Amino acid sequence: MPKPRPSAGPATPATVALAAAGIPYTPRPYAHDPGAASYGLEAAAALGVEPERVFKTLLAEVDGSLVVGIVPVSCLLDLKSLAAAAGGRRAAMADPALAERRTGYVVGGISPIGQRTRLPTWLDESALLWPTVLVSGGRRGFDLELAPADLVAVTGAQLADIAR
């Protein structure tokens, strides 16, 4: 995997954070269709990557506190499993406007990297099945490819079985 090259794609808080941490990544831009039904599945198809290898970033509230769940775009976030992983009792999806304010990103382009407010984060353990995974680079039509261990390192994520 090449060394970080922020100039190879758009500069976003995610690319800036990766470059600052010295974490190698590959920028993966694609032509975003505003009419796409699923941002993540659109990215997988446009980039020719298995949907199980492209991960979406979702915000949820666990017992009233915001947390991040990162799961394959081919799956749903299992809220009960996320709550259990976070040591809570119940979880619900966060309001999209709140997610945008807390992360600094727009829905469909929320990256787990470089968020305005660093939140407790859980990555579905299926990420470890791949040498690299893709996550949003901080805008629609722009993904980042990196090693799962590097994603864990830069986000402080914990691994858990949170996808269904």
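The values are calculated or read from the model by the stated rules, or taken from the named source; none is laboratory data. Fair warning: this is a prediction, and the values are worked out from it, not measured in the lab. As a convention, Cβ positions derive from the backbone with ideal geometry for all residues, glycine included, and neighbour counts pool all protein chains shown. Keep in mind that these areas ignore ligands, DNA and RNA; they rest on the heavy atoms of the full protein, side chains included. Shrake-Rupley method; radii C 1.70, N 1.55, O 1.52, S 1.80 Å.
Listing for the model above:
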item	result
Some residue of the range 120-130 being touching a Pro at 6+ places or on another chain (Cβ under 6 Å), modelled with pLDDT under 95 and of a type in the set (A, V, I, L, M)	no
One residue from Leu47, Leu66, Leu79, Leu59 being open to solvent by 30 Å² or more (accessible area, probe 1.4 Å), of a type in the set (A, V, I, L, M) and in contact with a strand residue (DSSP E or B) (Cβ under 8 Å, 6 or more places away or on another chain)	Leu79
Members of the range 48-71 found to be free of Cβ contacts under 8 Å to residues at least 40 places away in the same chain and β-branched (Val, Ile, Thr), listed by number	Val62
Some residue of the range 11-33 being farther than 22 Å from Gln115 by Cβ, open to solvent by 30 Å² or more (accessible area, probe 1.4 Å) and either among the aliphatic types (A, V, I, L, M) or at pLDDT 95 or above (or both)	yes
Helices (runs of 4 or more DSSP H) wholly inside the range 5-107 that include at least 1 residues being of a type outside the set (A, V, I, L, M, F, W, C) and in contact with a Ser or Thr (Cβ under 9 Å, 6 or more places away or on another chain)	13-21, 39-47, 96-103
Qualifying residue in the range 137-147 (condition: under 16 Å from Val68 (Cβ atoms) and surrounded by fewer than 20 Cβ atoms within 10 Å (Cβ to Cβ))	no
